[in-house]
Amino acid sequence: MIAETICSAVSAAGLGIAAIMAYRKRFLSAARIAAYALVPLGLVMTGAVEWIADTAFSPVAWAGFGVLGVAWLLFLSTRAVERRRGGRKETTGGAEPSAVAPAASSPSRAVTAKPEAGKTPGDDFSDIEAILKKHGI
């Protein structure tokens, strides 16, 4: 009850300051101050202040936050262990299908043919020379 009273008083004071600013022909500042002043009043009217006050003083709510924290820590610790292992499976056997597709271990680009016997891979610049001749270089 006291939180609602304080929020209402803050809103009334803010609207009073906004009225003074409007009287001084500073309408933009008056509108901005009025917007800020109406926020606490809106929170009281929607029930958000009462919800926050009920949550802050409820042992069940704090126990719920504790359970959420434990779940978060468990999730983070399992992710850390999984990253440390490098994604290896816990057990080698089992009926679970493998997460990796069978074709994923093969190279993704085609393997080129071996160079001719007399040439090394670095000596075959014929395609580059053709491009340079094409551009007149």
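The values are calculated or read from the model by the stated rules, or taken from the named source; none is laboratory data. Note that the structure is predicted; figures quoted are calculated from it, not measured. Because the Cβ atoms are built from the backbone with ideal geometry, glycine has one as well, and the counts that use them run over all protein chains shown. For accessibility, only protein heavy atoms count, side chains too; no ligands or nucleic acids. Shrake-Rupley method; radii C 1.70, N 1.55, O 1.52, S 1.80 Å.
The string of couplings for region 132-137 from the Karplus curve (6.51, -1.76, 1.60, θ = phi - 60°) is 5, 5, 4, 8, x, 9 Hz, one whole number per residue in order, with x for Gly and Pro. Measuring only protein heavy atoms, the 1.4 Å probe finds V10 accessible over about 80 Å². Between R32 and A13, the contour length at 0.36 nm per residue exceeds the alpha carbon distance by 5.4 nm. Karplus-based coupling profile of region 50-65, in residue order and whole Hz: 5, 5, 5, 5, 5, 5, 5, 10, 9, x, 5, 5, 5, 5, x, 5, with θ = phi - 60° in 6.51 cos²θ - 1.76 cosθ + 1.60 and x standing for Gly or Pro. Measuring r between the beta carbons of A80 and D54 and using R0 = 25 Å, the FRET efficiency lands at 0.10.
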